[in-house]
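Okay, so here's the structure we're looking at.
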Amino acid sequence: MQLAFALFHYFPYGGLERDMLTVARACQARAHEVIIFTSDWQGEKPTDMHIVELPVTALSNHGRAQAFVLRLQEQLRKLPRATVIGFNKMPGLDVYYAADVCFAAKAFEERNFFYRLTARSRNYLALEKSVFARDSNTEVLMISKTQIGVYQRYYQTPDERLHLLPPGIRRDCVMPADYAAQRKQLRAQFNIDDNVFQILFVGSDYQRKGLDRVLRGIAALSEALRSRVRLWVAGQDKATTFQNLARTLGIENQISFLGPRDDIPQLMWSADLLLHPAYSEAAGLVLLEAIAAGLPVIASRVCGHAHYIVEHNMGVTLNDPITPDEVADAIMSVLAQPREIWLERSRQTVMNADIFSMPERAVNIIEAVAKKLGRGKA
């Protein structure tokens, strides 16, 4: 089969982008021809993938999105046998991988009437409607059960077009056989002594992922506990605002901004807790990656995968609005538990929960859609 993957922009530290490459490789493993279309590709390009960049120029993000759609449609006319899989909302998709939350819910529930009149809002609503409208033909791969009802509330998308996928986390996050030795060695490399509680935040959109809540929560800890806490911030974003906030809160010397990292599993094995009190998060694979790494998690309940924390008793979930005292109380509660408890619960989760099979399930659906459309051969 010939499969055309489409996303507006590739950047190497985004969860959506990582999922796209994972599904693309799973398709290649079944001998399908995969072509990836994007407006630009940041970072190193895989040598085993066919990547086509379609540069666009516009004054706004939504303008660039519309321009990319037009350029993509030109390319797809040359590939009449291709099945089109989109990782952003756009018209003409046969399959859409739904990693983003519902824009209509944001526009109608969080913003006022005048926002919905802006070009940004109108364009993004139109792109979303092209995928989810009742009369659309796009099959949708959902990664969050909670988002299904939200989309159906605004678009009445038929059940049969919405396919809920299991998670597909990185297996290299799972605790290795020599976990205890590696953890000790890694903490020594980072100069973390046994008296320190190392907290980890991972995300490349600091504001949306709730870094301000993390900082305020740490500042709200008792002096005795706060003095033992350190925070790593891993991810690509502008740090200045949050460095200033940490300074205002008097905790700047306890925060390390690490930037984008390729060693997230190792950081998880070295840490004692993952904090992810996001304001918005369709899924949140990092929650499951932390659990698989033996790391307890504190997250907001808006995260699509937060229910795994509850089901496997691997931390605390918080309901909006989240206050600094609630974050502090959750930190104190989690860190009071012996680490061995979290390690054993992690092992049980890895053994019993379906948290790895997303790529295979996604390819099964893509193949079924292609065959239904009569595109079973390249």
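The values are calculated or read from the model by the stated rules, or taken from the named source; none is laboratory data. What you are looking at is a predicted structure, and each value in this text was computed from that prediction instead of being measured. Cβ placement follows ideal geometry from the backbone for every residue including glycine, while neighbour counts extend to all protein chains displayed.
Within the group 283, 290, 362, which residue is surrounded by 21 or more Cβ atoms within 10 Å (Cβ to Cβ), under 19 Å from the mean Cα position of the chain (by Cα) and in the same structural domain as residue 80 (by TED's automatic domain parsing)? Walk me through how you get there before you give the answer.
Working: 283 fails: in the same structural domain as residue 80 (by TED's automatic domain parsing); 290 fails: in the same structural domain as residue 80 (by TED's automatic domain parsing).
Of the residues listed, the single one that is surrounded by 21 or more Cβ atoms within 10 Å (Cβ to Cβ), under 19 Å from the mean Cα position of the chain (by Cα) and in the same structural domain as residue 80 (by TED's automatic domain parsing) is 362.
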- prompt: Given the residues 152, 156, which is the only one that is touching a strand residue (DSSP E or B) at 6+ places or on another chain (Cβ under 9 Å) and surrounded by fewer than 18 Cβ atoms within 10 Å (Cβ to Cβ)?
  reply: 152
query: Taking the range 308-340 on its own, how many of its residues are free of Cβ contacts under 8 Å to residues at least 12 places away in the same chain and either touching a Phe, Trp or Tyr at 6+ places or on another chain (Cβ under 6 Å) or not acidic (Asp, Glu) (or both)?
result: 5
- prompt: Can you tell me how many residues in the range 231-240 are over 15 Å from residue 276 (Cβ atoms) and either surrounded by 13 or more Cβ atoms within 10 Å (Cβ to Cβ) or touching a Lys or Arg at 6+ places or on another chain (Cβ under 8 Å) (or both)?
  reply: 2
message: Being under 23 Å from the mean Cα position of the chain (by Cα) and of a type in the set (Lys, Arg) is the filter here; which residues of the range 121-142 pass it?
response: 129
task: Look at the range 162-186 and say how many of its residues are in contact (Cβ under 8 Å) with a residue 24 or more places away in the chain, not in a loop (DSSP other than H, G, I, E, B) and not aliphatic (A, V, I, L, M).
output: 7
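The rows are residues; the columns are (1) of a type outside the set (Phe, Trp, Tyr); (2) free of Cβ contacts under 8 Å to residues at least 60 places away in the same chain.
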position: 43; (1), (2): yes, yes
position: 47; (1), (2): yes, yes
position: 51; (1), (2): yes, yes
position: 67; (1), (2): yes, yes
position: 70; (1), (2): yes, yes
position: 76; (1), (2): yes, no
position: 80; (1), (2): yes, yes
position: 84; (1), (2): yes, no
position: 87; (1), (2): no, no
- prompt: Given the conditions (1) modelled with pLDDT of 95 or more; (2) farther than 27 Å from residue 180 by Cα; (3) of a type in the set (A, V, I, L, M); (4) within 15 Å of the chain's Cα centre (by Cα), and given that residue 368 satisfies all but one, which numbered condition is not satisfied?
  reply: (4)
- request: Considering each residue of the range 1-44, count those that are basic (Lys, Arg) and at pLDDT 95 or above, and give that number.
  value: 2
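Among the candidates 183, 208, single out the residue that is of a type outside the set (S, T, N, Q), out of contact with any helix residue (DSSP H, G or I) (no Cβ under 6 Å at 6 or more places or on another chain), surrounded by 13 or more Cβ atoms within 10 Å (Cβ to Cβ) and at pLDDT 95 or above.
Working: 183 fails: out of contact with any helix residue (DSSP H, G or I) (no Cβ under 6 Å at 6 or more places or on another chain).
Just one listed residue meets the conditions, 208.
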- request: Scan the range 111-151 residue by residue and report those that are assigned to a helix (DSSP H, G or I) and under 28 Å from residue 308 (Cβ atoms).
  value: 128, 131, 132, 145, 146, 147, 148, 149, 150, 151
